[in-house]
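Visitor: Can you keep this structure in mind? I'll have questions shortly.
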Protein chains: 2
Amino acid sequence: MKNLLVAQSGGPTAVINASLAGVIQVAREKTKVLGAIHGIEGVINEQFYDLTDEFNDPYQMEALRHTPASFLGTCRHKLKEEEIERVFEVFKKHNIGYFIYIGGNDSMDTVDRLSKYAEKTKSDVKIIGVPKTIDNDLAMTDHTPGYGSAAKYIATSVREVVLDSSVYNKPTLTVIEVMGRNAGWLTAAAALARTEKEPAPHFIYLPEVPFDVERFIKNVKKILKYDKNIIVVLSEGVRTADGKLICELEGASKYTDAFGHTQLGGAAASIVNIVKSRDIDIKARPIELSLLQRSAAHIASKRDRDEAELVGRKGAEAVLAGKTGIMLCFKRVKQDYEIEVVEHKVADIANAERKVPLEWIKENGYDIKQELIDYMRPLIEGQVTALWENGLPVYAERPSEVEAAVEIA
Amino acid sequence: MKNLLVAQSGGPTAVINASLAGVIQVAREKTKVLGAIHGIEGVINEQFYDLTDEFNDPYQMEALRHTPASFLGTCRHKLKEEEIERVFEVFKKHNIGYFIYIGGNDSMDTVDRLSKYAEKTKSDVKIIGVPKTIDNDLAMTDHTPGYGSAAKYIATSVREVVLDSSVYNKPTLTVIEVMGRNAGWLTAAAALARTEKEPAPHFIYLPEVPFDVERFIKNVKKILKYDKNIIVVLSEGVRTADGKLICELEGASKYTDAFGHTQLGGAAASIVNIVKSRDIDIKARPIELSLLQRSAAHIASKRDRDEAELVGRKGAEAVLAGKTGIMLCFKRVKQDYEIEVVEHKVADIANAERKVPLEWIKENGYDIKQELIDYMRPLIEGQVTALWENGLPVYAERPSEVEAAVEIA
């Protein structure tokens, strides 16, 4: 039987390695499992790692399931036409009959083009995609593995920041910046932090809706009359009606680097600076959740982790059964909560981007509707029981790339 | 029996309410327990909350134990001479015989002055301090409640960032900024993130040692020859030999606000900007752990939480037994690990600041010694089993101050 090759691509998540674990668990029962290092670049460069026996130890496998950030390394590589032929040469040279690419919409473009090339050239290599992205912006699937864990981290952190920001007896404005250039799924998760008694965050700005500075300032002043600690959560990609990022606005934080070039600050820092430039008596501060929000495996959603592993297992089963040119998707069959794993043509997913539907965003432009809360809530359910040693989570350690290359060569 | 009044002061921690829970558990068996809102300011303004029956429900008490950020609110208030008399008037008016102040070194100054005033005026009000600070900078105690949990959050987050920062096949410099203006205890905790195979973080800069930009740049270039992903962790308070903060250096990130004033950026952003101004081919980015590091109760250290509660209980026992002018301290009787709770005169602690001993810092100036690792490791031990609902931690919600004021008045 031919070898199975797996690779990871695009930005990492807290559960991307649970999918890898699922692939290995199923595939190693039938064949040799290789991992390409740094995604498709590792295929082109023939940098592989033999995963067949690496995780025979159940403790190692458990550590891998809980490890954040692409264990095999990743890349952002738009495949050039001339590289496609090279990929198939490498497949042939290393006796690879099955290729699984764990990634987001750009990665699905790679899966789509490789599987079409296989069809055209009558190659029998089977190629499929396993979804992964904290952004939750893939088409045809109810949600993406990685989203639930990032959402859980964001909601938890916002809940903790809300408590912390109100301890002093003075007005504060805390602006929390969340990832998401075009889709607001992650930022929306901040709404889960609210409780019956606690209305914060007061403002949730998604990139799907234009941001209006003057209305924002007016609303801040209004809320300050009855609540002294205001929490704003916004997507890094929020723009005004004329397409400007927050950091490009008048009063935003621009700074000058050592070469005298003007550089733009983050969205949260910019909002803070704009508020400071107005006549509002308030202590304002920005918090960027930065890459912590995609790597905080210690507070991953159990459901997300389990689903990530499931979709890895189903992916291995599908490709070994001869499926090609598809991506595994979740179909929600019960709102709260049951899913089925289904298959869709990867061509319908590649390069598409699923944004938050406008009907799930409130008319005021700074909040979301109950439908979106109901959609998100089941995805953050359950706590992982990670491995701990010396008070810290145990994570699988990535193989040194040099060693790995030697091993295969 | 007279009433017991408890208040919280200074910056919050992830376990400060475990101390409050400990105080309530012990004190309500003997007398009425009031909480002053926003520390000593709440005493002066007679803003109290009756805590005696509030946490009779074991679920509520459990939630309080796990809740980050001062439940009673806090303040940074340097007591004026004329306010001291007022405090004692309020004590008298509300039949308060016992006062427990949970706080750091500034708060211990309040405890010291109030207890001295009581002695001078022959008041029989007993006044003691219960330690609290993530900074771990209190004198006379082995460590402070709050430190272990912040250290655990920092070490965990650094471990996760290390994994995330090395996924792409290109050189990166990630600079993580940690709280600590004068003492480097929190920053030192980043060293706990290392493993046998993983040397990152490569640089750990504490404020106790002067920072040398040119040496730093030289060392970055050196390490880049054999490791492509460099992690720097530094205290916000790091300074050069001539006393300048990083953000005041040539090439650091200064930005201009809407009034044309130059504003200083954070230490991490400044280092990143300095690196960008040099001829180094590397993607550099700053991460500020911000107030997440003091409020992340979801990953509190079980040992820290248990000790915070213990010192709250011991504090209530001590003050009710007639002790005054003391703070409860930890004495480590076995390195790994046993402590005793002991008492020290608060006068020896007030306004003092305990820094990291220079003999625990390596001669190279950017790393710490094994002795400090051995000191820190037991403090982050154990995971809390917090309460969870709908996938998120359950925290006790602070009473509305207006309601509280009405309740007592």
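The values are calculated or read from the model by the stated rules, or taken from the named source; none is laboratory data. Bear in mind that the values here come from a model prediction, so they are computed numbers and not experimental data. Note that we place each Cβ from the backbone using ideal geometry, even for glycine, and neighbour counts take in every protein chain shown. These accessible areas exclude ligands, DNA and RNA; they are computed on the full protein's heavy atoms, side chains included. Shrake-Rupley method; radii C 1.70, N 1.55, O 1.52, S 1.80 Å.
Visitor: Once phi is turned into ³J(HN,Hα) by the Karplus curve 6.51 cos²θ - 1.76 cosθ + 1.60 with θ = phi - 60°, what whole-Hz value does each residue of region B:33-41 show in order, with x for glycine and proline?
Guide: Here the 3J(HN,Hα) series is 10, 9, x, 7, 8, 6, x, 5, 4 Hz.
Visitor: For the protein assembly as shown, what % of the accessible area comes from carbon and sulfur atoms, probe 1.4 Å?
Guide: 47 percent
Visitor: Same structure again: Scan around A:T172 for amide H atoms under 5 Å from its own, H built in the peptide plane at 1.01 Å from N, and keep only partners 5 or more places away or cross-chain.
Guide: Amide H neighbours of A:T172: A:N229, A:I230, A:K283.
Visitor: First check a/c for region B:290-409, with a ≥ b ≥ c the square roots of the eigenvalues of its C-alpha gyration tensor; if it is under 1.5, answer rounded, and if not, answer prolate when a/b is larger than b/c or oblate otherwise.
Guide: It comes out oblate by the Cα gyration axes.
Visitor: List the residues of region B:268-293 that lose 50 Å² or more of accessible area once all protein chains are present, compared with their chain alone (1.4 Å probe, heavy atoms only, no ligands or nucleic acids).
Guide: So the qualifying set is B:N273, B:L291, B:L292.
Visitor: Then there's this: How many Å² of accessible area per residue for region A:283-377, probe 1.4 Å?
Guide: On a per-residue basis, 44 Å².
Visitor: Let me ask something else. Taking 21 Å as the cut-off for C-alpha to C-alpha distance, list the pairs among B:K80/B:K331; B:K32/B:K120; A:K302/A:K331; A:K170/B:K345 that go past it.
Guide: B:K80/B:K331; B:K32/B:K120; A:K170/B:K345
Visitor: Nearest 500 deg cm²/dmol is fine: what mean residue ellipticity at 222 nm does chain B get from its DSSP H runs of n ≥ 4 alone, each adding -39,500 (n - 2.57), divided by its residue count?
Guide: Using -39500 (n - 2.57) per qualifying helix, the result is -10000 deg cm²/dmol.
Visitor: Could you name the aspartates and glutamates whose alpha carbon sits less than 13 Å from that of B:K218, not counting residues in the same chain fewer than 8 places away?
Guide: Within reach: B:D279.
Visitor: Placing a label point 7 Å from Cα toward Cβ, how far apart in nm is B:S277 from its equivalents in the other copies, listed shortest first to one decimal?
Guide: In ascending order, 2.4 nm.
Visitor: OK, next. Put the label 7 Å from Cα along Cα→Cβ for A:V342; what are its distances to the other copies, in nanometres, shortest first?
Guide: Label point to label point, same position, other copies: 6.9 nm.
Visitor: Still on this structure: Where in region B:358-374 is the amide nitrogen less than 20 Å from a point lying 7 Å along the Cα-to-Cβ axis of B:E214?
Guide: Of the residues in region B:358-374, B:364-366 have backbone N under 20 Å from the label point off B:E214.
Visitor: Treating only the Cβ of Lys, Arg, Asp and Glu as charged (+1, +1, -1, -1), what charge dipole size does region B:49-152 show about its Cα centre? Round to the nearest 20 debye.
Guide: Once rounded to the nearest 20, the dipole reads 220 debye.
Visitor: While we're looking at this one, here's another question. Roughly what % of DSSP beta bridges within the protein assembly as shown run antiparallel, to the nearest 5?
Guide: In the protein assembly as shown, approximately 35 percent of DSSP beta bridges are antiparallel ones.
Visitor: Rounded, prolate or oblate: which fits region B:165-218 when a ≥ b ≥ c are the square roots of the eigenvalues of the alpha-carbon gyration tensor, with rounded for a/c under 1.5 and prolate only if a/b beats b/c?
Guide: oblate
Visitor: Starting from the Cα of A:K116, draw a straight line to each of the aspartates and glutamates and keep only those under 15 Å, dropping any in the same chain fewer than 8 residues away.
Guide: Output for A:K116: A:E81, A:E82, A:E83, A:E85, A:D124, A:D348.
Visitor: Could you pull out the chymotrypsin sites (Phe, Trp or Tyr not before Pro) across region B:129-171 that fall in loop regions by DSSP (anything but H, G, I, E, B) with no more than 16 other Cβ atoms inside 10 Å?
Guide: Sparse-neighbourhood loop chymotrypsin sites (Phe, Trp or Tyr not before Pro): none present.
Visitor: Please work out the FRET efficiency for the pair B:L358 and A:K122, using the Cβ-Cβ distance as r and a Förster radius of 60 Å; give the result to the nearest 0.05.
Guide: Once rounded, the FRET efficiency stands at 0.25.
Visitor: One decimal, nm, shortest first: give the distances between the label point of A:K170 and those of the same position in the other copies, each label point 7 Å from Cα along Cα→Cβ.
Guide: Computed spacing set for this position: 4.2 nm.
Visitor: Here's a follow-up. For the protein assembly as shown, give the magnitude of the charge dipole about the Cα centre (Cβ charges: +1 Lys/Arg, -1 Asp/Glu; no others), in debye to the nearest 20.
Guide: 440 debye
Visitor: Which value, in Å², gives the accessible area per residue of region B:95-137 when a 1.4 Å probe is used on the protein heavy atoms?
Guide: Here the residues of region B:95-137 average 31 Å² of exposed surface.
Visitor: Magnitude of the Cβ-charge dipole of region B:1-93, K/R +1 and D/E -1, about the Cα centre, nearest 20 debye?
Guide: Using only the charged Cβ atoms, the result is roughly 200 debye.
Visitor: Taking chain B as a Gaussian network, where each spring joins two C-alpha atoms under 10 Å apart, which residue of B:R303, B:R332, B:R278 fluctuates the most?
Guide: Among B:R303, B:R332, B:R278, the largest GNM mean-square fluctuation belongs to B:R278.
Visitor: Please report the antiparallel percentage of DSSP beta bridges with both residues in chain B, rounded to the nearest 5.
Guide: 35 percent
Visitor: With solvent modelled as a 1.4 Å probe, how much accessible area in total do chains B and A shield from it at their shared surface, in Å² to the nearest 100?
Guide: So the total buried area for this chain pair works out to about 5800 Å².
Visitor: Based on C-alpha coordinates, I'd like the Rg and Dmax of region B:220-359, in Å.
Guide: For region B:220-359, the Cα radius of gyration and maximum Cα-Cα distance read 22.1, 66 Å.
Visitor: Let me ask something else. Choose one of A:L173, A:Y147, A:Y101: the residue whose Cα lies farthest towards the positive end of the charge dipole of chain A (beta-carbon charges +1 Lys, Arg; -1 Asp, Glu; about the Cα centre).
Guide: A:L173
Visitor: What FRET efficiency comes out for B:R278 versus B:D348 if R0 is 41 angstrom and r is the Cβ-Cβ distance? Round to the nearest 0.05.
Guide: Here the calculated transfer efficiency is 0.30.
Visitor: Turning to a different aspect of this structure: With axes computed from alpha carbons, what is the tilt in degrees of helix B:267-276 against the longest principal axis of chain B, rounded to the nearest 10 within 0 to 90?
Guide: Compared with the principal axis, the helix lies near 10 degrees.
Visitor: At what distance in nm do the modelled label points of A:L387 and B:E85 sit from each other, each positioned 7 Å from its Cα along Cα→Cβ?
Guide: 6.7 nm
Visitor: Along Cα→Cβ, 7 Å out, is where each label goes; now give me the distance between the ones at B:E196 and A:K221 in nm to one decimal.
Guide: So the two model labels end up 6.4 nm from each other.
Visitor: May I ask for the Kirkwood hydrodynamic radius of chain A, worked out over all distinct Cα pairs and given in angstroms to one decimal?
Guide: 22.4 Å
Visitor: Starting from the Cα gyration tensor of the protein assembly as shown, multiply each eigenvalue by 5, take the square root, and state the resulting semi-axes largest first in whole Å.
Guide: Ellipsoid semi-axes (Å, largest first): 48, 28, 26.
Visitor: Given a cut-off of under 8 Å on Cα pairs at least six residues apart, what relative contact order in percent is computed for chain A?
Guide: 24 percent
Visitor: Right, next: Given a 10 angstrom Cα cut-off, can you work out which residue in A:G184, A:G325, A:G243 is the most mobile in a GNM of chain A?
Guide: Result for chain A, Cα springs under 10 Å: A:G243 fluctuates most.
Visitor: Subtracting the Cα-Cα distance from 0.36 nm times the residue separation, let me have the gained length for A:K331 to A:K2 in nm, one decimal.
Guide: Separation in residues times 0.36 nm, less the Cα-Cα distance, equals 115.3 nm.
Visitor: Using a basic spin-label model with each label point 7 Å from the Cα along Cα→Cβ, how many nm lie between A:E338 and B:Y59?
Guide: It is 2.8 nm.
Visitor: Something else: Please identify every one of the GluC sites (Glu not before Pro) in region A:179-246 that sits in a loop by DSSP and has no more than 10 other beta carbons within 10 Å of its own beta carbon.
Guide: Passing sites in region A:179-246 are A:E196.
Visitor: Kindly identify region B:292-338 as rounded, prolate or oblate by the Cα gyration tensor criterion: order the square roots of the eigenvalues as a ≥ b ≥ c, call it rounded if a/c is under 1.5, otherwise compare a/b with b/c, prolate if a/b is larger, else oblate.
Guide: oblate
Visitor: For region B:1-73, run through the trypsin sites (Lys or Arg not before Pro) and keep only the ones in DSSP coil with at most 14 other Cβ atoms within 10 Å of their Cβ.
Guide: B:K30
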